[in-house]
Every structure is written in structure tokens, then in C-alpha cells.
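Below is one structure, written out as C-alpha cells; comments come after it.
Bear in mind these aren't lab numbers, they're just calculated from the coordinates by the rules spelled out. It should be emphasised that the depicted structure is a prediction, and the values quoted were computed from it without experimental measurement. Every residue, glycine as well, gets a Cβ built from its backbone with ideal geometry; the counts of neighbours run over all protein chains shown.
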2 protein chains.
Amino acid sequence: MTEGPDIARIAALVADPARSSMLLALMDGRALTATELSSLAGVTKQTASSHLAKLVDGEVLQMEAQGRHRYFRLAGAHVAALIEALMVFTSDAAAPVRTGPREPALRKARVCYDHLAGEMGVALYDRARDAGWLADDLGVTDKGWSKFSAIGVTPDSLPRSNRPQCRACLDWSQRRHHLAGMIGKATLDRLFALSWARRLPASRVVAFTPEGERRFREWIG
Amino acid sequence: MTEGPDIARIAALVADPARSSMLLALMDGRALTATELSSLAGVTKQTASSHLAKLVDGEVLQMEAQGRHRYFRLAGAHVAALIEALMVFTSDAAAPVRTGPREPALRKARVCYDHLAGEMGVALYDRARDAGWLADDLGVTDKGWSKFSAIGVTPDSLPRSNRPQCRACLDWSQRRHHLAGMIGKATLDRLFALSWARRLPASRVVAFTPEGERRFREWIG
DNA sequence: CCGATGGTTCGGTTATCATCGAACCATGAC
DNA sequence: GTCATGGTTCGATGATAACCGAACCATCGG
């Protein structure tokens, strides 16, 4: 009866329906206030407060106080990865029966925490590996930097952080990997800045403009 | 209050200490009997039976009856991925404080579900991507097949299944990817068959012989 | 047929925890 | 100062579920 890592503790934090709703709502990387989260989860402020305290205590969420508001966001990309790992199950159960695109727009391009997921995200990741933008250890190569610079993602523009420069994140709808880490975030930021795409309100959908999609595909080659 | 995917249901299955112990015990990919699991989890047979029924019902475990024994194994590689995603948390909490190699042998080479993980597993994956054994979509190339054939992993030797031929699995200790999927399993099987390595009893450690490690490194180039 | 062993089913007990009402604290607007 | 709003604390309630004892079913070995 070897006492392994305390998997159960973290799992229990996600196991409550109210808490899991909150986590899903935060998957787009925004920071929401306690009351917003309470109404999203369908519970009162008191209950939400209790839940949020547990999530922060368990280091699943980060809290930032601004004035009389408290903003909550996911504690990091590893939390987003965990949630997506859980979502794989629900898509599994449904896939053999109805592979139908329940949310076509969501499958095509969506925000995963702070980077691009869905078909477009997977295409970017595949291309980056294929064309040698990334090394084996997922470090960005010289060739990669020249490519990323073309849309305004330069080494200098990345904030100093101990967060991995580049990570691969398993995609829920595609069952493949997409580009995560700081490079993933910076790239998505640039897509918005360049107006190639915009985020639909109250949704994780990333909507490309026709022109934007054309130039994106042209960019990745 | 959008009803998202039922994350909480799966998380709840992992959230119980007894059940999480069982899942951790099954991470090496073996199939264990109900009583073995009950003693590992520190509960009686009755409670274990109840837990196992829930896990099978939730499609987290698969059950196979052999005579009067019931063998349980993880339902797939996505379950292993989920568990590793949870382990990232516990290692996270500890890493900044003591990066020390708590279990050096475990970090070097271990079994993850049914394939090779740890430094050696990551080295294999990196080399496979680097040297073009795998295509962008992680399909095995002609070049790859000739390499894998050299240690006895041929297309014919792989069982027909809808399981992905090759997958990348995020490594808990290395925070990098290692080779998973059917190719990953077949490769590990061959390492044992060739006596390049053996599995330490009652542990997930994969112990290479000196000769075995030499030939493994020579093989991957 | 008879024990022995592996697993399950059933009932009852216990403990944990999500939930909300109500009261309370803190910030900001006026 | 007063009032409104965002959040937390406290206590009580209720539901869920883990747990075990005991009885039961199924398979294997003789």
C-alpha cells in the first residue's frame, strides 16, 4: 500500500459540479470575478466564495484583488492541460456514436487557456514541427524565430518567466497536439492584434476573418 | 450557465483515495485482480468491488474475467495521460523546493501505462522525430519502419486495433513527450524480449542492463 | 459432492461536504 | 457621514457516498 502522489486531492477539487463549471468558464484564460463565477456555476455568492477559496488553496486558481473585486484565473497552463485531459473522456463517450460536429466553430478554432486550439492550432503545431521551427526539445530554432518574427513574435516580446517557452498541449477535439507555452500565447495575441481573428463574446470560439485565415495559412505555408 | 462537458463525473471517480491508489497501481499497464487492488488500496474486498464497478461503469477501467478471477486494467492511454496530468501538480508543488532526484531510477526509465517513459523514453521520442522515423501526424515513415524492424517491431507484429499507432504522451518527470501508442508498447515489449531491460518487481522502474543500454543508445543513434 | 477461494449484493452506520440564510466586513459613490 | 455593492464568515440542514459485517453466488480442486 504505497502512498503515491496525492492525485485524489486535486481530482476532488475538480469533482464538484459547481467548481468544474467555474474551471470550464476560465478555460479561455480570462480572469473573472467571484460573482460572475457564482452565477455561471448557478450557486449563491456564499457557496461560490467557499469553492473559490478551496481552489486557490489547492493552487488550481490564482486570485488577484483589484479594488473591491477579486479576479480569479487558472493557476497555469498545467491546469488547462488537466481540464483538456478530462474533456477527452466526454468526447470519447460520444465519438463512436455521433462523431457529428456538435460545435463546428469550436472544433475549428478555439482558445485553450491562452493559446490557439482546434484544427487551426493543430495545423500550426504540425507545421512548426515539420518545417523545423521547433527543435526536438520544443525549443524555437533560428529558422523558427525568423518565421515567428514575420507576425511580430520576437524573443524580446516574450515576458521573462519560468513558464516553458513552448509546450505541446493535447487537443480535446482533435486528439492531436497544438502549440502551447509562451510562444503559443504570443502567437494568439498577434492573431488578434493583426485582426486575422477575433474572439466571439461569451465563448471560446476564435473566429477567423476570410482574409485572416488566408494569410494565416499562407504564413504557416 | 452553459452546461459544459461532464468533467466532474470523471474527476469524481479519481477523487476517492482508494480509487486513486488503484489507478496509480495500474499505471504500469498490468492487469491486476480485484483482491490485489483491494489490499493495495487498503480496503476490504466489498468496498473494492464497489469502487471497481464504478470505475468500469465510468469507462476508466476495463474488466476481463478469467476463470474466477477478474482482471482490471486502465481503459486506455488517455487514462494514463489524465493521471500524469494530475501528477504534474504534486511534482510542481515540490519541484521549486527540492528538485532532487527523489527516485533516480524512476526518473531515468519507467513504465507509463504500457510504454517507456522517463529520460530514456524521451530520448527515443526525440530521436524518432529528429531522424524522421515519424511523420508530422506521428505516422511511422518507411525509414521508421526499417529502424523499428531492426529490433523486431514490424507492421505485422502490431495487433489490429483502433488505438492510435503512435502517440505522444507528456512525461511527468521530464515535462517532455515520450513515445506512446501501439508503437510505444511494441517497442517496450521488445526491450524486455531482447533482455536489454527488465521490469523491477512491484515497481514501475525499468532497469536497463549495461549492455542493453549501450545497444539501445546505439540503436537510436 | 464438498470445501476453499475470488467477488458481489444488501443493509445500516457514519462522516464528509455542498448548500443557503443571515449577519458581517470592506470598498467605492455621493 | 449614508447607502449600495462585492465578498466573506458562521451555523444549521440535507444529501451523498464510503465503509464494513454478513450473507450470497461462482469457480476451481479434489
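A few comments on the model shown:
- Per-residue Karplus couplings for the stretch B:104-118, computed as 6.51 cos²θ - 1.76 cosθ + 1.60 with θ equal to phi - 60°, are listed in order as x, 4, 5, 6, 6, 7, 8, 8, 10, 6, 9, 10, 8, 10, x Hz, Gly and Pro entered as x.
- A simple rule links phi to the HN-Hα coupling: the Karplus curve 6.51 cos²θ - 1.76 cosθ + 1.60 with θ = phi - 60°, which for the stretch A:66-71 gives 9, x, 9, 9, 10, 9 Hz, with x for Gly and Pro.
- Amide H to amide H, with H built 1.01 Å from N, A:Trp133 comes under 5 Å of no residue 5 or more places away or on another chain.
- Cut-off under 5 Å, modelled amide H: who pairs with A:Tyr113 long-range: A:Asp28, A:Gly29
- Residue pairs, from the table A:Lys108/A:Lys143; A:Lys185/B:Lys147; A:Lys108/B:Lys108; A:Lys45/A:Lys108; A:Lys143/B:Lys143, whose Cα atoms sit over 31 Å apart: A:Lys185/B:Lys147; A:Lys108/B:Lys108; A:Lys45/A:Lys108
- Amide H contacts under 5 Å for A:Arg204, placed H, 5+ residues apart: none
- Using θ = phi - 60° in the Karplus curve 6.51 cos²θ - 1.76 cosθ + 1.60, the 3J(HN,Hα) couplings for the stretch A:49-54 round to 4, 4, 4, 5, 4, 5 Hz; x is entered for Gly and Pro.
- Distances from B:Ser39 to itself in the other copies, using label points 7 Å out along the Cα-Cβ axis, amount to 5.7 nm in increasing order.
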